[in-house]
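Trainee: One structure is given below, represented as C-alpha cells, and several questions about it will come after.
Coordinate-derived values only; no laboratory data. No experiment lies behind these values; they were computed from the predicted model shown. Note that we place each Cβ from the backbone using ideal geometry, even for glycine, and neighbour counts take in every protein chain shown.
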Amino acid sequence: MAGNGNGHEEFSFNNGVVARNGLAKVQTHKKQSEICHDDSTTPVKAQTIDELHSLQKKKSAPTTPIKGSEGAFATISDEERQQLQLQSISASLASLTRETGPKVVKGDPARKTDTTPKSHVTHHHFTPTLNISDSALKFTHILYNLSPGELYEQAIKYEHGSFITSSGALATLSGAKTGRSPRDKRVVKDETTEVELWWGKGSPNIEMDEHTFMVNRERAVDYLNSLDKVFVNDQFLNWDPENRLKVRIVSARAYHSLFMHNMCIRPTPEELENFGTPDFTIYNAGQFPCNRFTHYMTSSTSVDLNLARREMVILGTQYAGEMKKGLFSVMHYLMPKRQILSLHSGCNIGKDGDVALFFGLSGTGKTTLSTDHNRYLIGDDEHCWGDNGVSNIEGGCYAKCIDLSREKEPDIFNAIKFGTVLENVVFDEHTREVDYTDKSVTENTRASYPIEYIPNAKLPCVGPHPKNVILLACDAFGVLPPVSKLNLAQTMYHFISGYTALVAGTEEGVKEPQATFSACFGAAFIMLHPTKYAAMLAEKMQKHGATAWLVNTGWSGGSYGSGKRIKLAHTRKIIDAIHSGSLLKANYKKTQVFGLEIPTEVEGVPSEILDPVNTWTDKKAYDETLLKLAGLFKKNFEVFANYKIGKDNKLTEEIVAAGPIF
Ligand SMILES: Nc1ncnc2c1ncn2[C@@H]1O[C@H](COP(=O)(O)OP(=O)(O)OP(=O)(O)O)[C@@H](O)[C@H]1O
Ligand SMILES: O=C([O-])CC(=O)C(=O)O
Ligand SMILES: [Ca+2]
Ligand SMILES: [Mn+2]
C-alpha cells in the first residue's frame, strides 16, 4: 500500500478513526528492547519538558565588575542597583496629577515566572497617598533594553504586520503615517524659548504652552501605564564623550524599541549599570491619538517638545522617524549653546584621514553617498562639528529603500539582515523576498540598522575637521550642474537656501517639479534662526580651510518628465574626484545666472554633461527653466536678506550677492 503512489484512501480519516489499513503497515520486526534506542546521542539532562526548556537559556552574564569608584551607583549591591533602576523608570512614568508612579516590574508579563513579581517599585513624589485608584493597583511590566532577538519575538507575537524577511530583517508597518508630520510638531514656548528659538514664518517650531504639553504628557503616560508592558530603552546620543546625552525612550511597540536600539548609541552593560537619570525622555504613545478638544491640537497627531522639562511626547503617529528627528531637534538646541554646530549631514573619512560632510534634504543622497566602499563611514545623517572635529550623533543608519539594488548600493543592501528594521516594504508572502520596487504601502520605505552593519564603519564614529563640505541638491528642474565649486559666500547662500525639488507624480495633481527650500538643509529640525547655524558653519569652514561643493543628484538633460536622473555611477565618480583632491586641480568656467564654477573635466564622467545646457535639446526651454529656478531662489531668500550673519553686515552682504544674478 505505502509506496503504491496512491496513498490517499489508505491514510484518510473516517469519523476520527484511523482507517485500519492505514495502521496495518506500522510493523517492526525488531525486538521490544531495541525499540526507541538510539545510542548515537547521549540523553538530555532533563526529566520534564519544563526542565528541558530551562536548560535552553543560559543566564545572562552577571553584572560586570565596576572599575574604580566612578558611576552613580558604584558602591552599591546588584540588587540595590536594580531597585534604583526600576525606581528611575517608575519616576519617568509617574502621573503628575496622581502623585505616584506605577508599580513597575522587570520582565515579560507573558512569562509564567514573571507574573507574580517578587520585587516591584513604585515612585512617590510626596508622601504616599491612601487614595488608591485602579491604575495604582496594577503592575506595568518593563521590557528594559531588550536584545534584537527578544524584540523580534515580541514584535512577531504581538504586533500585526511583523515578519522576518528572507535576509533576516524584521519587516514592520508604521501604520497610517509613513513619514513625519511636521505640521503637528510643537514646541513649548516659555520665557526662555520665546527669546532663544526661531518662531514665525518658515520656522518648524509651532508653539504650544506648558499646560497643554502637560495635558498631552498625562495622556501619553496614562496610555502607557494602562498597558501590561512597555519598552524602555536607555541609550546615548553623540560619540563625542564630552557632549554625550543620556536618552530614555518609553514606547509601546517592539518595533519602536528595536528602531531606537539601532539608531541611538548602544550602551555597554557597564555603562547601562551606571546610567542613572536620563538627560532626555521620549514618551511614545503613538498608537493613541491626541484629543482634538485640547488647546492647539489641529489633528489627532501631536509631537510635542518641552526643552525645559527635557521631554518629548508622541501621540497619534507610529512613524519611528519622529523619535530620531525629535532627538535631533534637541541636539540642534543644546549643541550650539556649547559652540558645537549640529548638522543634517552624512560624514565619511578617507584612508588618509580626509573628512567629508554631505549635507542635503531628505532623499538627496546623504546615506547613499556617505556609504562608500572606499572610505570609512562616520555616520549617514546627524553630526556635530566642534573644536575637536566631527562626531556622529547616532549609532545607526536610516536608508531609503525604494528601488534599492545590490549592484548599485551593495553595502546598504547587505546591511539588511538580522537586527535591521525594514519599514513598510512589500515582500513575497511565501519566500519573504522583499520587492524594493514596490510602492504599494509608501514610496518612503526605509531600513534602520546599526552602523557596524556597514563593513567599513569608523568606530568610534568621530573624525578630524572636514576637508570637503558637499551640498547635495536633487534638482528636478535639471538646470543645476552635476558639480560646482563654491566660494564661502556661495556656500552660505546655498546652505541657508537649502534647495531641493519634490518630483511630480508623488503627489496627485502635481504636474511639474516643486522647489522646496529648507534652511540649513533641515529646517524641520533646527531650533534657532538659520543664520546662527550659517554663521557657525562659515566660521568653522574658514578656520579649518574646508572646500565646499554643490552636487546635483537630480535631473539632467531636461526637467523631470523629459530628462533623466543623473546616474549614481556618475555622481560617485564626481564624489571620488572631490575626495581625491583631483577636482580641485581641474579647469573651471563660470555659469550664467547662478555664477557657479563648473569643472570642464571629471575622470569617469562624460564631459558634455558637466554643463547642463549641453544636455538640453531645447535651449530656449533650458533658459526659461533656469530663470524660473533662479526666481524661486530669489523669492525664498528675501526673508533672510535683513538678518545679520556673523559679527558685522559684511558677510550678509556678500551672501546676498552670491545668489543668482539675472
Ligand atoms: N545620482 C544619484 N545620487 C544619489 N542618490 C541617487 C542618485 N540617483 C538615484 N539616487 C537614489 O536617491 C536616494 C537617496 O536617498 P538617501 O537615503 O541617500 O537620502 P538621504 O539624503 O539620506 O535622506 P534622509 O535624510 O531622508 O535619510 C536613494 O534611493 C538612491 O538610490
Ligand atoms: O526623518 C525621517 O523621516 C528621515 C530623514 O532622515 C529625513 O527626513 O531627513
Ligand atoms: Ca538617510
Ligand atoms: Mn535625515
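Trainee: Going through the DSSP H helices of the chain, which span 20 Å or more along their own axis at the Cα atoms while scoring at least -0.5 as a mean Kyte-Doolittle hydropathy?
Mentor: Counting only whole DSSP H runs, the qualifying helices are 321-337, 619-637.
Trainee: Say the dipole of the range 295-429 comes from +1 at the beta carbon of Lys and Arg and -1 at that of Asp and Glu; which of Tyr319, Ile349, Gly389 then lies farthest toward its positive end?
Mentor: Gly389
Trainee: Reachable lysines from Lys325, Cα under 17 Å, same-chain residues fewer than 8 places away excluded?
Mentor: Counting by Cα, and skipping residues close in sequence, Lys325 has these lysines nearby: Lys177, Lys185, Lys246, Lys366, Lys400.
Trainee: For Asp611 and Lys634, compute 0.36 nm times the residue count separating them, minus their Cα-Cα distance, and round to one decimal in nm.
Mentor: That works out to 6.1 nm of additional length.
Trainee: Excluding Ala538 itself, what net charge comes from residues whose Cβ is under 15 Å from its Cβ, given Lys and Arg +1 and Asp and Glu -1?
Mentor: Details: positive: Lys532, Lys540, Lys543, Lys644, Lys647, Lys650; negative: Glu539, Asp648, Glu653, Glu654.
Value of the local net charge: +2.
Trainee: Mean projection of the alpha-carbon convex hull of the range 548-594 over all orientations, in nm²?
Mentor: Taking the Cα atoms of the range 548-594, their convex hull projects to 4.1 nm² on average.
Trainee: Please arrange Ser345, Ser167, Ser440 by counting, for each residue, the other beta carbons lying within 10 Å of its beta carbon, fewest first.
Mentor: The fewest-first ordering by Cβ neighbours comes to Ser440, Ser167, Ser345.
Trainee: Further question: Relative contact order (percent) for the range 296-392, with alpha-carbon contacts under 8 angstrom and 6 or more residues of separation?
Mentor: It comes to 22 percent, rounded to a whole number.
Trainee: For the chain, what is the mean residue ellipticity at 222 nm derived from helices alone (per DSSP H run of n ≥ 4: -39500 (n - 2.57); sum divided by total residues; nearest 500 deg cm²/dmol)?
Mentor: Rounded to the nearest 500, it is -8000 deg cm²/dmol.
Trainee: What list do you get for His160, His120 if you sort them by fewest beta carbons within 10 Å?
Mentor: His160, His120
Trainee: Could you grab the relative contact order for the chain? Cα pairs under 8 Å, six or more apart, rounded to a whole percent.
Mentor: After rounding, I find 11 percent.
Trainee: Where the Cα atoms of the chain are projected onto their three principal axes, how long is each span, largest first, in whole Å?
Mentor: Largest first, the chain extends 97, 77, 53 Å along its Cα principal axes.
Trainee: Can you tell which of Val247, Asn216, Asn205 lies farthest toward the positive end of the dipole of the range 189-252, using +1 and -1 charges on the Cβ of basic and acidic side chains (Lys, Arg; Asp, Glu)?
Mentor: Val247
Trainee: Let me ask something else. Among Phe213, Phe236, Phe633, what is the fewest-to-most ranking by other Cβ atoms within 10 Å?
Mentor: Phe633, Phe236, Phe213
Trainee: Right, next: Quick one: length gained pulling Val593 to Glu159 fully straight, 0.36 nm per residue minus the C-alpha distance?
Mentor: That works out to 150.8 nm of additional length.
Trainee: How much FRET efficiency would the formula 1/(1 + (r/R0)^6) give for Arg111 and Asp618, where r is the Cβ-Cβ distance and R0 is 60 Å, rounded to 0.05?
Mentor: 0.30
Trainee: Dipole size in debye (nearest 20) for the chain around its Cα centre, Lys and Arg Cβ +1, Asp and Glu Cβ -1? Spell out each step's value before the answer.
Mentor: Values: 73 positive and 77 negative charges, 66 e Å.
Its charge dipole is roughly 320 debye.
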